[in-house]
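Heads up, the thing below is written out as structure tokens.
The values are calculated or read from the model by the stated rules, or taken from the named source; none is laboratory data. Computed from a predicted model, the values in this text were never measured in an experiment. Cβ atoms come from the backbone with ideal geometry, glycine included; neighbour counts cover every protein chain shown.
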Amino acid sequence: MLKWLWLTLLVIILDLSSKAVVSQNFNLYETLPVIPGWFNLTLAHNSGAAFSFLADESGWQRWFFAIIAFVVSGVIFFWIKRLQTHERWVAISLALVLGGALGNLWDRLTLGYVVDFLDFYYQSSIQTRAMHWPAFNIADMAISIGAFMLILDALFSKEPPASE
């Protein structure tokens, strides 16, 4: 099922190119409202993991998360390689996760942080403060979609009958 690695490559290209465009056109924490009250483009650098977990540490986390991403990417690659033809849904799911992991790994290795820029939030008013989801990127979207697809597969897939 390595034929699905084109999807991994597509995720990496979309992720790295979108990060490059935003990084070249925005200053750190600069915001461009796209849908006021709901969605901004905001350049952020995340030296931690999801939701900036461990971002305030001294720098060891860069290599820790890079090693984890490298190992997980290798496991996913060999998992895809061993899939059977009928496991297309799993192959697509894993290809998405792999593309996202490699896109963010590239950032960690070359920049020391992950570039995030998609900022969704619930509108604020004078009485309330805006509720922001942590900024994320295309790689994070691919990982989330792929993981969700794997969960759906685990919950609802039916194993084909064993052939004798």
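Just a few scattered comments:
- Test for SER144: is it surrounded by fewer than 20 Cβ atoms within 10 Å (Cβ to Cβ), part of a helix (DSSP H, G or I), at pLDDT 95 or above and touching a helix residue (DSSP H, G or I) at 6+ places or on another chain (Cβ under 7 Å): no
- So VAL97, is it touching a residue at least 24 places away in the same chain (Cβ under 8 Å), among the aliphatic types (A, V, I, L, M) and in a helix (DSSP H, G or I): yes
- LEU28 being modelled with pLDDT of 95 or more, touching a strand residue (DSSP E or B) at 6+ places or on another chain (Cβ under 6 Å) and in a loop (DSSP other than H, G, I, E, B): yes
- Members of segment 82-94 that are within 27 Å of PHE39 (Cβ to Cβ) and buried (at least 23 other Cβ atoms within 10 Å of the Cβ): SER93
- Selected residue (criterion: nearest to the chain's Cα centre (by Cα)) from residues of segment 95-116 that are buried (at least 21 other Cβ atoms within 10 Å of the Cβ) and under 13 Å from HIS45 (Cβ atoms): ASN104
- Applying the criterion of being surrounded by 12 or more Cβ atoms within 10 Å (Cβ to Cβ) and of a type in the set (Phe, Trp, Tyr) to the residues of segment 24-39, the residue that is farthest from MET131 (Cα to Cα) is PHE26.
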